[in-house]
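In what follows, a structure is listed as structure tokens, so that the remarks can point back to it.
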Amino acid sequence: MKTFDAIRADLSAGTTTCEQLTGDYLRAIDAGKSLNAFLSVFPEKALQRAREVDKKLRVGKAEPLAGMVVAVKDVLALQGERVTCGSKILENFVSPYSATSIQRLLDADAVIVGKTNMDEFAMGSSTENSAFGRVKLPQDESRIPGGSSGGSAVAVKAGMATTALGTDTGGSIRQPAALTGVVGMKPTYGRVSRYGLVAFASSFDQIGPFALCAKDAAQVLNVISGHDEKDSTSADVPVPDFVKALKKNVKGLRVGLPKEYYGDALTAEIRNAMEKKVDVLRSNGAVIQEVSLPHTEYTIATYYILATAEASSNLARYDGARYGFRADGVRDLAEMYTKSRSQGFGAEVKRRIMLGTYVLSSGYYDAYYRKGQKVRRLIQEDFLNAFKKVDCLITPTSPTTAFRAGERTDDPLQMYLSDIYTTSANLAGIPGISIPCGSDKQGLPIGLQILGKHFDEATILNVADFLENAKE
Ligand code: GLN
């Protein structure tokens with residue numbers, strides 16, 4: 001498995017071509033079929049594109065991602081290909097256009113090999129909620145790879161792509177990155193256009209990369225970031241060169257450890273692994289201090305009220321009339337709606353729609369939805385206050401390492417608690433990255449999360465890159 005820099009070196013030394021590389025990744029996808037990481041693969045198209053990129057490379061006219069072979073989560077639209085969102089309701093839906101993030105990758109000469117498996121409509125933390133079977137952890141197939149972007153995480157971990165795009169509404173990039181042992185980044189809300197991303201919770205959703213190292217993530221972010229007139233929530237702010245921001249230095253950097261994130265939920269092994277990395281920063285001149293995010297205990301409840309409310313509204317469009325699956329043998333319109341939705345959606349999606357409809361219904365709106373919005377503001381303010389004192393925060397990404405398949409499927413609350421350290425960044429809109437941080441006794445990866453100020457991905461990428469390369 002090679003980082004993008006290593007691949008580039010091979011390409012310029014002439015020891016490989018983009019076509020050969022693409023072939024290698026396609027073979028890895030084939031060899032790793034039991035992991036169920038992909039929902040569709042396009043070998044012919046990918047190889048054809050790779051040959052075109054090789055032509056450009058030969059004349060020195062290639063764009064920055066030439067040689068990068070990319071997998072994308074199947075919630076992102078790619079023109080002419082299916083976009084299933086892991087759901088039966090969209091099983092045969094072919095997208096008439098491409099997401100901006102995908103178009104930008106293609107414009108930068110990346111090759112897209114396929115679309116990855118995911119929890120249905122990105123709702124889940126284990127990729128067990130896919131209508132097309134669960135994704136398995138490469139290190140131990142009886143375990144889950146996290147979710148909802150489990151297929152993208154596994155694609156990178158198992159050498160099936162150089163990098164992969166995922167989406168993160170409450171942790172769906174960072175948590176699977178942590179559980180599989182790769183880098184996963186959620187940019188600031190608004191940094192990357194959501195055009196062509198099938199919506200789950202529109203005020204939370206962000207697209208971001210999985211990669212083998214922070215520098216690769218930075219290179220992808222350079223390409224996919226920036227304002228897009230097709231998404232009014234994409235921010236019109238300058239995009240720095242994230243690769244140049246990797247300063248190889250943390251001297252004087254103020255790092256906060258939110259005390260609420262180091263409580264009882266955390267295992268001793270994860271705590272120890274974290275402390276080692278914090279010591280590395282300290283001995284290299286960073287200034288470490290404890291901070292408080294006092295409303296942390298409300299994050300899971302607030303997230304699951306607001307995200308389900310938005311989901312219930314976004315998913316109303318799947319009614320059997322306009323998109324995808326329509327039930328057979330219906331007598332009237334009402335029955336078409338009911339049967340198409342009952343048969344088309346899986347259990348977790350139905351649970352979310354019911355929860356969301358409930359918190360938005362008259363009589364409960366004030367008690368749940370409106371109150372949730374107020375608490376969201378308080379959670380945002382906690383972060384803004386902390387960032388007056390520190391430049392970034394370090395927390396665990398997940399309270400546990402990869403759990404066994406089936407272990408939490410009957411207990412939704414237990415499943416929701418997998419997101420205890422990640423949902424706050426989406427509530428606040430701030431960027432976060434998860435990087436590998438050693439492993440537990442069983443050899444399962446531990447993830448460390450770095451959270452930054454709005455639009456300051458540069459700082460957290462720098463810390464991530466520094467920790468990857470520093471000696472303990
Ligand atoms: N696991 C969380 C959920 O189920 C987050 C999902 C996500 O980020 N898409 O909602």
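The values are calculated or read from the model by the stated rules, or taken from the named source; none is laboratory data. Note that this is a predicted model, so its numbers are computed, not measured. Don't worry about glycine lacking a Cβ; one is built from the backbone with ideal geometry, like all the others, and counts go over all protein chains shown.
Tabulated data for the structure shown
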{"read-out": "Single match in GLY171, GLY124, GLY151 (criterion: in a helix (DSSP H, G or I), within 16 Å of the ligand (Cβ to nearest atom) and of a type in the set (Gly, Ala, Ser))", "value": "GLY151"}
{"read-out": "Qualifying helices (runs of 4 or more DSSP H) (wholly inside the range 361-472; at least 3 residues being surrounded by fewer than 17 Cβ atoms within 10 Å (Cβ to Cβ) and in contact (Cβ under 8 Å) with a residue 12 or more places away in the chain)", "value": "371-389"}
{"read-out": "Residue satisfying all of: in the range 277-323; among the β-branched types (Val, Ile, Thr) and within 16 Å of the ligand (Cβ to nearest atom); surrounded by the fewest Cβ atoms within 10 Å (Cβ to Cβ) among these", "value": "ILE300"}
{"read-out": "Residues that are in contact (Cβ under 8 Å) with a residue 24 or more places away in the chain and farther than 18 Å from GLY133 by Cα, drawn from the range 25-42", "value": "TYR25, LEU26, ALA28, PHE42"}
{"read-out": "VAL239 being more than 30 Å from GLN442 (Cβ to Cβ), more than 16 Å from the ligand (Cβ to nearest atom) and part of a helix (DSSP H, G or I)", "value": "no"}
{"read-out": "Residue match in the range 181-196 (condition: free of Cβ contacts under 8 Å to residues at least 40 places away in the same chain, over 17 Å from VAL75 (Cα atoms), surrounded by 24 or more Cβ atoms within 10 Å (Cβ to Cβ) and of a type outside the set (Asp, Glu))", "value": "no"}
{"read-out": "Test: PRO176 is more than 18 Å from TYR304 (Cβ to Cβ), in a loop (DSSP other than H, G, I, E, B), within 16 Å of the ligand (Cβ to nearest atom) and at pLDDT 95 or above", "value": "no"}
{"read-out": "Of the criteria (1) outside any helix (DSSP H, G or I); (2) touching a residue at least 12 places away in the same chain (Cβ under 8 Å), which one SER232 fails", "value": "(2)"}
{"read-out": "Residue in the range 248-255 that is crowded, with 19+ Cβ neighbours inside 10 Å and in a helix (DSSP H, G or I) present", "value": "no"}
{"read-out": "Residue that is surrounded by the fewest Cβ atoms within 10 Å (Cβ to Cβ) [pool: residues in the range 90-121 that are closer than 20 Å to GLY147 by Cα and not polar (S, T, N, Q)]", "value": "GLU91"}
